[in-house]
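Written out below as structure tokens is the structure these notes cover.
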Amino acid sequence: MSAVETARAEAPPRRAPRETGVPPDEWSHWPDDRLLDLKICQLGVTIEESPLEARIAELQQELNSRGLAFQPHFWLSAEWFSPDGVPGIALPFYLAHPRLEKLERSQMLEVEGGEPEWCKKILRHEAGHAIDNAYKLRQRRRRQQLFGPSYIQYPDYYTPKPYSKSFVLHLDSWYAQSHPDEDFAETFAVWLNPHSDWRARYADWPALKKLQYMDSLMRELAGKPMLVRTRRKVEPLSVIRKTLRAHYERKRRHYGVDYPHFYDRDLRKLFSDKPEHAANMKAARFIARVRRELRRRVAEATGEYQYTIDRVIENMIRRSNELNLRLAGPEEAATLDFTIMLTVQTMNYLHSGRHRVAL
């Protein structure tokens with residue numbers, strides 16, 4: 001081996017060149033189609049001077065008011081998460097700039113954490129993961145007895161039991177039921193909320209034992225320094241080289257959970273293919289007209305993702321076309337009936353054991 005080859009072999013591997021950032025003042029005026037081709041690492045957004053800064057300060061004040069010395073660190077990434085072993089919280093990039101919020105809404109039909117109260121709920125939840133890491137709480141035997149062991153593998157999907165009283169209700173889709181660590185984080189979030197009267201709210205629920213344990217545990221930790229103090233950031237924006245387009249293609253696939261065609265009978269009850277209704281508006285056109293408002297209403301009523309419900313509505317539009325269905329009565333009555341049908345179908349699916357909520 002030559003001296004040059006030896007030097008190359010011993011040299012550390014080259015780092016990939018840094019992507020050149022594009023100032024937000026420039027891309028904030030781009031149309032969606034152009035913005036989607038920008039790489040996430042080129043966005044150049046920060047937590048500072050964004051709405052996230054004030055919301056983080058509010059969370060820290062809530063922690064301080066409980067006497068906790070816990071101070072999580074924050075960074076921007078592709079999604080909300082708190083990595084194992086890290087006492088910090090990753091925040092989604094789209095909350096750092098109004099143009100990115102607009103893009104998120106156009107791609108996913110809603111902005112997770114986009115409203116102040118919603119954002120604070122998620123922050124409290126993620127703080128539950130982060131404090132779990134900061135004090136190595138998952139190693140405690142009582143914590144494992146009440147919530148279950150953390151080593152259980154996360155499922156790709158979970159089947160919620162909406163009527164269970166063994167879990168607190170905080171985030172949508174009965175999220176505490178998805179994994180023992182999510183149960184712990186949800187319980188912490190309910191405990192931390194300064195407006196939560198959890199003793200009365202959960203008085204006759206088995207979940208009260210978890211909240212009482214959380215209250216005792218946090219009193220024990222009050223004023224104690226964090227055991228894990230790393231400020232490591234996992235998947236910060238600077239290392240995410242995929243484009244916004246690729247990001248959203250993957251995200252839509254993930255939340256576009258397939259529903260079976262179990263609603264044909266209800267569509268035939270609500271609409272008609274009889275000759276006497278042949279001159280009426282096509283059912284597919286009607287559903288498309290009311291789609292946006294009803295999607296929002298049913299998402300609020302069921303806790304399901306708007307994007308997932310939209311896929312159900314898309315299937316209903318396609319089936320209505322295939323069955324050549326048309327309105328059989330006034331639009332106002334059809335709107336009410338369709339809203340009820342969509343809500344009931346979603347709830348039946350949630351309760352049936354066939355439903356899977358994407359994590």
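Of everything in the stretch 36-80 that is in contact (Cβ under 8 Å) with a residue 12 or more places away in the chain and at positive phi, the residue that is least open to solvent (accessible area, probe 1.4 Å) is Gly67. Residues in the stretch 20-66 that are among the small types (Gly, Ala, Ser) and not in a loop (DSSP other than H, G, I, E, B): Ala54, Ala57, Ser65. Once the stretch 165-177 is narrowed to residues that are of a type outside the set (Val, Ile, Thr) and crowded, with 22+ Cβ neighbours inside 10 Å, the residue that is nearest to the chain's Cα centre (by Cα) is Tyr175. Spot the failing condition for Ala203; the list is (1) over 24 Å from Glu58 (Cβ atoms); (2) part of a loop (DSSP other than H, G, I, E, B); (3) within 20 Å of the chain's Cα centre (by Cα); (4) without any contact (Cβ under 8 Å) to a residue 60 or more places away in the chain, and only one is missed. Here Ala203 clears every test but (3).
If I filter the stretch 320-334 down to residues being assigned to a loop (DSSP other than H, G, I, E, B) and on the phi < 0 side of the Ramachandran plot, which single residue comes out as most open to solvent (accessible area, probe 1.4 Å)? By that ranking, first place goes to Pro330. Would a scan of the stretch 157-164 turn up a residue that is touching a helix residue (DSSP H, G or I) at 6+ places or on another chain (Cβ under 8 Å), crowded, with 16+ Cβ neighbours inside 10 Å, over 26 Å from Thr346 (Cα atoms) and touching a residue at least 60 places away in the same chain (Cβ under 8 Å)? No, the conditions are met nowhere in the stretch 157-164. Counting only helices (runs of 4 or more DSSP H) that fall entirely inside the stretch 207-319 and contain at least 1 residues that are out of contact with any strand residue (DSSP E or B) (no Cβ under 8 Å at 6 or more places or on another chain), modelled with pLDDT of 90 or more and within 25 Å of Glu331 (Cβ to Cβ), the qualifying elements are 264-270, 283-302. Exactly one residue out of Lys120, Lys136 is surrounded by fewer than 21 Cβ atoms within 10 Å (Cβ to Cβ) and over 19 Å from Val234 (Cα atoms): that is Lys120.
The values are calculated or read from the model by the stated rules, or taken from the named source; none is laboratory data. Note that the structure is a prediction, hence the values are computed from the model and not measured. When we count neighbours, we look across all protein chains shown, and the Cβ atoms used for this are built from the backbone with ideal geometry, even at glycine. Please note that ligands, DNA and RNA were not included when accessible areas were found on the heavy atoms of the full protein model with its side chains. Shrake-Rupley method; radii C 1.70, N 1.55, O 1.52, S 1.80 Å.
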